[in-house]
Structures are given as structure tokens and as C-alpha cells.
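Written out below as C-alpha cells is the structure these notes cover.
The values are calculated or read from the model by the stated rules, or taken from the named source; none is laboratory data. The structure displayed is predicted, hence computed values, not measured ones. Because the Cβ atoms are built from the backbone with ideal geometry, glycine has one as well, and the counts that use them run over all protein chains shown. Protein only, heavy atoms only, side chains kept; ligands, DNA and RNA dropped before computing areas. Shrake-Rupley method; radii C 1.70, N 1.55, O 1.52, S 1.80 Å.
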Amino acid sequence: MRQEIVDFLIIGSGVAGLRAAIELAPYGNVLVVTKDKPTESNTEYAQGGIAAVMSDEDEVGIHLEDTLKAGDGLCNEGTVRTLVEEGPERIAELISWGAEFDKEGSKLDLTLEAAHSRRRVLHAQGDSTGKELTRVLLSKARSFPSVRRYPFAITVDLIIQDNECHGAYVLRDREMTALYARATILATGGGGQLYSRTTNPQVATGDGMAIAFRAGAELEDMEFIQFHPTSLYSPTAPQFLLSEAMRGEGALLLNSNGRRFMQSYHPLAELAPRDIVSRAIISEMVKTGSNYAYLDLRHLRRDFVRSRFPSIHATCLQYGFDITGDLIPISPAAHYIMGGVKTDAGGRTSVKGLFAAGEVACTGVHGANRLASNSLLEGLVFGARTGNTALSSPINPSARDTAVFSPASIRDHDEIRHALRKLMWDRVGIIRCDTSLREAASRLLAWNIITERDYATRRELELKNMLTVAEIIVQAALARKGSVGAHFRSDFKDRGENWQQHFTWDKNCIKLSAQEGCNQ
Ligand code: SIN
């Protein structure tokens, strides 16, 4: 097996990974490993924007309150405070590196999204905010000769000795390499691909959560999956995200009979928190016997819609929908995992030498439901903080004994992936109950053997990771006998007893207890 020693190993190249790389670059050599090309991440596809207090009409305290309220009582107030207080500085820094956010005259053009009580969402090129962040962060990272990229390499597992992380085994072109590092940072993003309906790109298969779990790290809040209310619904089109910013600018939701309905579900109507809007849409779909509802922008000025949402407009046109004049069929889709690898505000996990930032991590900043456009901000703020903490990692990297892999292959792995994604959508989706979750648990058990072997291809390794993360989500959803934020149980519609506790999972607990979890 090939071996290499680096100072800092970063797995993932979305906003959190790149921001951490920039922080570490002056202090040693940094290797950024990605399983695809470096631009292929959830960050790249983010449309709506990035939330931060950047105007005199807004206050950090109000951003804090909005975030806590959306999190439905389960946020960690300390990390939320860090997010909203450090956010404006991180954005100013990004602008100084060349980020071009949309402006109105000389002022930033700030938009509104659901559950924000002020206009505070910055955007770029209308609806291509993530692309702009990726462009600027990649170019800044490239300006340091100490930062190298290692694309098309999937991480198989972390190198763990005595509960310390010494790096990772990665696979590229069927060749395994042991990468030893002083500090290993997971920035692999989320796992929307676990669901058959998702806004996430193909790369979002929960890899970081699964490899951290196998390495003995703790995962927290895994029952909280956010479903975005509006993704394009058409048998002939991709499940393309239709940004919440569209509703922020006045778009309405109609059921398939053409009737507006959100006012009867929440006083904020179309701008209610995402979990409420997603459930309302499902409920209208059931009432009208339809697989979709509509997003309606027909009452907005055509030239405004075209210039404010140029990329959405162009993409929808490709599939025969003109957002300036047609009703657009939509359905909710899995979008974001609030839970993840448990970290403190400096990105430290429960395993020495292992750090995590961005969607893969759970700092408690999102609680039970993430406030729109807080995730790019999270990546910037906690990416930088994690880079900083990783500088004092106690690991002394050296090429030590190397594990032996005996790769097997999975027969019918594409069929299993397809069945898993459908199972998660049907049984562990927007509305769950004991019966649906137990059915999912027993189906997953039948596939469990897959999670115990080594594999030789990216697709197989992804499936192994997806199955691991699915099992944790199901166990966490069974353990929370109540409905909070994005976790809704039709058999426990109230919050339930001890609803403020968080469920934390490690590889021993999940194997030991199928029902009750090993909550703290
Ligand atoms: C969107 O543009 O609606 C997505 C923004 C987010 O998820 O934060």
C-alpha cells in the first residue's frame, strides 16, 4: 500500500473544507481529498444564499433569536451565538478575497427567506450563491503552495490507533493509499442521497458520518432531517431545487386544484418554517390525491423573476416550465441533515486527532430544524474555527502498521441503493411512525452484512456508508417518541417526555440497543 505523511488532511472541498484549508495553509502542508472533482459539493449547488447581519436594520441578537426559534428548542445557544457573531466578519473577509454578492446601488441586496424576521440573505448572480463561494474559496486556497488537492479519491476508513485518528485510507483508481496526518478534518457534507427525493447532488452519500461512526466517534441528533418544501416535480426532469428565496420574493404555494393553502397552516403562510411548509404540502397532496403542489410566480414581474432567478429560470425552461408564466409542479425533497458527528465549537470530535466541520458535523447550531441559509455561514465560521483548533492537534504522524483490505463486491448494489432510497423516503421521511420505522429497521437488517466488508469501488463504498447512516437515522427516529422540529411522528404528535434531551450514538450503542438508544 502506498503511504504518505502530511500535516493536515481535509476530506471534502465544500465551503467548510476549503475554509479550513485556508486557515491551515500558512502552518504546514494541507491535502484536500475529494471523491469527485473539487467543485462537486452541496456548496456548489446552493442557490438562495448566505445569512448574516450585514445591514443597520438588522441585529445579531435577532439573527440569534430567529435561529433558536427555527431550531425548535434544541439548538446549542452557545454555538448559535458564535455563528451569528462571527458570521459578518467571515463574510467581510470573503468579500475582501473577491466574492461578488448582488447589490442594489452600493448596498448589498439582502433577501428574505422562511422564518427570518429581517432581510439578511446575501446572494450572488441571483441564484448561484454557492458557485460564487466555491470560486472564491478555491482560488484563495490555490494561492497557497502548501495546499494540494487529491481528487477522485474516496475515503475508505480512518486510520485509528488507541482511539486516536492518524489519517485515512483512500482509494483512487483501485489503488489504496494510507495518508497519515497530524490532524484529520471531515468536511464531507451531508447525505441527501439516502432519500429517493433529494435536492442534493450524487456525492452526498453520508460518507463522513459513516466513517467517523466506524472509527468510534459519536453522532448526535440524527433523527432530524430537513426536507426542502420545493423541488421540481416532473417525471422527465431532475429534482431541481426551487429556492426558498422565490417565496421570499413573493411566490405562492397552490394545491393541485389551484387553491392557496398555507394561510390555514401558519400565520407566516409561505414563509413558515420549512418543516411546517413541507408537511402542509404533503397534507394538501393527500387531500387532493396528487403527487405534487404548485409554486406560483405568475403575479410577479416577468423581468424581475428572470433577472432575480436566472439559473432556475434557464434550468426550468430546459424541462418545459417557464417560471415567469407557468405554474411549477413541486414536491418536498430531503435537503439537509441537522445531526452529524458531534463536535464542540472548535470542531473537535470524541476521537483525538479527528475534527469535523460543516454539514457532516453537529455543533448543535441548527437544533431540530435549520434556519434557511445558515448552512453556508456555518461552513465558513466553523470551517475557520476547526482549522484553527486542528493546529494544536496532539497527533504525531508517522507511517505505522497498515491495515490489510480484502475487498469484496456487492451483487446487485445498484438495486439495493435504489431500494434503500425508496425505503427511506417511504418509511423514514417527512412523517414517520413506529410501524414505518420498524419496517425500515428490519429491511435494513437484511442488508446489514454489506456494512461489515471492504469494497473496491466508489459506488459500493457509498452504499456501505448509506446503509450505516440509514440505520442510525432509523434508530434515532425510533428513540425520539415525540415530534420536534423536522422530526414528525404521526403516533406521537406532541413533543413527548424529556424532549429536550439529545440522542448520541456510537458504534457500541447502536449495536446494543435497537429501541431506546444510548441517550445522554
Ligand atoms: C434555498 O435556496 O432554498 C436553499 C437555502 C438553504 O437551504 O439554506
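Quick notes
- Residue check, residue 358 modelled with pLDDT of 95 or more and at positive phi: yes
- Near pairs, Cβ below 7 angstrom, 6+ apart or cross-chain, from the range 358-371 (under 16 Å from residue 210 (Cβ atoms)) to any residue that is more than 16 Å from the ligand (Cβ to nearest atom) and charged (D, E, K, R): 362/220; 362/221; 362/342
- The number of residues in the range 194-209 being of a type outside the set (Gly, Ala, Ser), within 16 Å of the ligand (Cβ to nearest atom) and out of contact with any strand residue (DSSP E or B) (no Cβ under 6 Å at 6 or more places or on another chain) comes to 2.
- Residue that is least open to solvent (accessible area, probe 1.4 Å) [pool: residues in the range 347-385 that are among the hydroxyl-bearing types (Ser, Thr, Tyr) and within 18 Å of residue 41 (Cα to Cα)]: 373
- Any hit, the range 43-50, residues being of a type in the set (A, V, I, L, M, F, W, C), in a loop (DSSP other than H, G, I, E, B) and open to solvent by 40 Å² or more (accessible area, probe 1.4 Å): no
- Any hit, the range 318-333, residues being under 19 Å from the mean Cα position of the chain (by Cα) and surrounded by 24 or more Cβ atoms within 10 Å (Cβ to Cβ): yes
- Residues that are β-branched (Val, Ile, Thr) and either open to solvent by 10 Å² or more (accessible area, probe 1.4 Å) or without any contact (Cβ under 8 Å) to a residue 60 or more places away in the chain (or both) within the range 1-10 comprise just one, 5.
- Annotation for the range 400-410: at least one member residue is without any contact (Cβ under 8 Å) to a residue 12 or more places away in the chain and either within 16 Å of the ligand (Cβ to nearest atom) or under 26 Å from residue 456 (Cα atoms) (or both).
- Restricting the range 130-169 to residues that are polar (S, T, N, Q) and in contact (Cβ under 8 Å) with a residue 60 or more places away in the chain, the residue that is farthest from residue 354 (Cα to Cα): 134
- The residues in the range 51-78 that are closer than 20 Å to residue 16 by Cα and open to solvent by less than 10 Å² (accessible area, probe 1.4 Å) can be counted, and the count is 3.
- Residues within the range 217-273 that are on the phi > 0 side of the Ramachandran plot and in a loop (DSSP other than H, G, I, E, B), tallied: 3
- Residue match in the range 210-232 (condition: more than 18 Å from residue 334 (Cα to Cα), surrounded by 18 or more Cβ atoms within 10 Å (Cβ to Cβ) and within 16 Å of the ligand (Cβ to nearest atom)): no
- The strands (runs of 3 or more DSSP E) falling completely within the range 327-398 that include 2 or more residues that are within 16 Å of the ligand (Cβ to nearest atom) and more than 17 Å from residue 90 (Cα to Cα) map to 328-337.
- The set of residues from the range 284-304 being out of contact with any helix residue (DSSP H, G or I) (no Cβ under 7 Å at 6 or more places or on another chain), open to solvent by less than 40 Å² (accessible area, probe 1.4 Å) and not hydroxyl-bearing (Ser, Thr, Tyr) comprises 284, 285, 296, 300.
- Yes/no for residue 429 being part of a loop (DSSP other than H, G, I, E, B) and within 16 Å of the ligand (Cβ to nearest atom): no
- Matching residues, the range 481-494, being in contact (Cβ under 8 Å) with a residue 60 or more places away in the chain and open to solvent by 10 Å² or more (accessible area, probe 1.4 Å): 488
- Subset of the range 432-442 (residues that are in a helix (DSSP H, G or I), buried (at least 16 other Cβ atoms within 10 Å of the Cβ) and in contact (Cβ under 8 Å) with a residue 24 or more places away in the chain): 437, 440, 441
- Residues that are crowded, with 24+ Cβ neighbours inside 10 Å, within 16 Å of the ligand (Cβ to nearest atom), in contact (Cβ under 8 Å) with a residue 24 or more places away in the chain and under 28 Å from residue 198 (Cβ atoms) do occur in the range 16-28.
- Meets criteria (polar (S, T, N, Q), under 24 Å from residue 204 (Cβ atoms) and more than 16 Å from the ligand (Cβ to nearest atom)) for residue 129: no
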